[in-house]
Amino acid sequence: MKVLITGATGLVGKEIVRVLHDKNVTVHYLTRSTRKIHSDSNYKGFYWNPSKGELDPKSLEGVQTIINLAGATIANRWTKSFKRKIMESRVESLKTLKKALDGSDISGIQSIISASAIGIYPNSLSKFYDESEKEVDDSFLGSVVQQWENAANEFKDLGLKVAKIRIGVVLSKSGGALPKMARPVQLYLGAAFGSGEQWQSWIHIEDLAQLFVYIVENGLKGTFNAVAPNPVTQSKMTKILGRVLNKPIWLPNIPKFAMQGLLGEMSYLLFASQRVSSKRIEKKGFVFQYPNLEPALMNLYGQEKKESYIVE
Ligand SMILES: NC(=O)c1ccc[n+]([C@@H]2O[C@H](COP(=O)([O-])OP(=O)(O)OC[C@H]3O[C@@H](n4cnc5c(N)ncnc54)[C@H](OP(=O)(O)O)[C@@H]3O)[C@@H](O)[C@H]2O)c1
């Protein structure tokens, strides 16, 4: 089997590649950076430039499934021009792929699995969202995810199965939100934001990669939330992180205006609340290795905790 991945060089992509390689699946990947192109027998890189609609057609040869992860990070200051980049990088990546497929023999390609995000769900402290929710968050992020999913849906016109994976907060030591949350805690400066009641629907990076591959292997289509079965509030997340890192949380919560001053509009990410259900993928037979936060964090930081016991 051969899978083509966009954004394979990122946090989530690297973990998916690892899982696919464990299963002897060959990976082709598209990258904008020629220095990231490698050519091993099971991992072959190809150049593309989504902002110009360019893609090396050889990347499609022998491929059965496409996994689309490409997109500029949302963790940079949301200036007007960077917001455009966040949106365009996602929509243009999918358009470039579609244009390339339109013009080639794609008889072997059966499906596309595209990353999406739980930021599509309206900010709420009380609702519990599943994939049938029709309302979209009234924010920049809500509109990015909606247009991203619309662009993914267009592959149905080519006869492909389309799956959209609404990813929650990915927990990994190598990047994403967790190291940014853990750093202040490690410095005894951890604190929750605002009321701390906002829901954080998280997922361990290993579960996320397994979930993508499960969707590939089982030919699933439609929308799936990629969150662990037990979301927590931000206060609880901070408290558990403190416990796992063996550092007390003693500071009061940080008010919204302080973070708005520091981060501008991007501070929205810290205060948005989405409690999201994992039931749909579980009903399809997927089993989470890390359904609860504390064991998930222990798995990621456990070694550090043992070391800190020795030092302190
Ligand atoms: N991590 C999370 O918590 C989380 C949560 C929800 C959704 N997601 C979504 O899941 C996807 C993968 O996340 P990740 O954490 O692995 O992201 P990441 O580490 O930032 O990697 C994204 C990849 O996208 C490519 N990329 C970056 N800027 C781009 C641009 N302007 N145009 C086209 N491609 C670009 C890069 O590949 P090259 O440099 O090789 O081209 C990069 O390796 C992203 O789309 C993200 O929005 C992530």
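Each value in this text was obtained by applying a stated rule to the coordinates, not by laboratory testing. Predicted model, so just to flag it, every value in this text is computed and none were measured. Methodologically, a virtual Cβ is constructed for each residue, glycine included, from the backbone with ideal geometry; neighbour enumeration extends over all protein chains shown.
Does V244 count as among the β-branched types (V, I, T), in contact with a Ser or Thr (Cβ under 7 Å, 6 or more places away or on another chain) and either touching a residue at least 12 places away in the same chain (Cβ under 8 Å) or assigned to a strand (DSSP E or B) (or both)? Against the criterion (among the β-branched types (V, I, T), in contact with a Ser or Thr (Cβ under 7 Å, 6 or more places away or on another chain) and either touching a residue at least 12 places away in the same chain (Cβ under 8 Å) or assigned to a strand (DSSP E or B) (or both)), V244 does not qualify. Within region 68-89, the residues that satisfy the criterion of being within 14 Å of the ligand (Cβ to nearest atom) and not hydrophobic (A, V, I, L, M, F, W, C) are N68, G71, T73, N76, S81, K83, R84, K85, E88, S89. Say we look at region 263-303 and pick out the residues that are over 23 Å from I74 (Cα atoms) and of a type in the set (K, R); which of these is surrounded by the most Cβ atoms within 10 Å (Cβ to Cβ)? Selected residue: R280.
Listed here are the residues, each with its yes/no results for (1) assigned to a helix (DSSP H, G or I); (2) more than 15 Å from the ligand (Cβ to nearest atom); (3) basic (K, R); (4) more than 30 Å from L262 (Cα to Cα).
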position: R18; (1), (2), (3), (4): yes, no, yes, yes
position: I66; (1), (2), (3), (4): no, no, no, yes
position: V91; (1), (2), (3), (4): yes, no, no, no
position: A100; (1), (2), (3), (4): yes, no, no, yes
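What is the residue count in region 287-302 for residues that are free of Cβ contacts under 8 Å to residues at least 12 places away in the same chain and either under 16 Å from A226 (Cβ atoms) or assigned to a loop (DSSP other than H, G, I, E, B) (or both)? Matching residues across region 287-302 total 1. Determine whether region 29-43 contains at least one residue that is within 23 Å of N218 (Cβ to Cβ) and out of contact with any Pro (no Cβ under 9 Å at 6 or more places or on another chain). Within region 29-43, one or more residues are within 23 Å of N218 (Cβ to Cβ) and out of contact with any Pro (no Cβ under 9 Å at 6 or more places or on another chain). In summary, D157 fulfils each of the numbered conditions (1) under 30 Å from Q110 (Cα atoms); (2) part of a loop (DSSP other than H, G, I, E, B); (3) among the acidic types (D, E) with the single exception of condition (2).
Looking only at region 109-128, how many residues end up being part of a strand (DSSP E or B) and under 17 Å from E217 (Cα atoms)? So the answer is 5.
Of all residues in region 152-182, those satisfying the criterion of being among the aliphatic types (A, V, I, L, M) and touching a Ser or Thr at 6+ places or on another chain (Cβ under 8 Å) are A152, L160, V162, A163, I165, I167, V169, L178, M181. Would you check which residues across region 173-191 are aliphatic (A, V, I, L, M) and more than 22 Å from the chain's Cα centre (by Cα) and list them? Once the filter is applied, which keeps residues that are aliphatic (A, V, I, L, M) and more than 22 Å from the chain's Cα centre (by Cα), region 173-191 yields V185, L187, L189, A191.
Scanning region 20-47 for residues that are under 20 Å from G62 (Cα atoms), over 22 Å from the mean Cα position of the chain (by Cα) and within 14 Å of the ligand (Cβ to nearest atom) yields I37, H38, K44, F46, Y47. L55 satisfies every condition listed in (1) within 11 Å of the ligand (Cβ to nearest atom); (2) buried (at least 18 other Cβ atoms within 10 Å of the Cβ); (3) touching a residue at least 40 places away in the same chain (Cβ under 8 Å) except (1).
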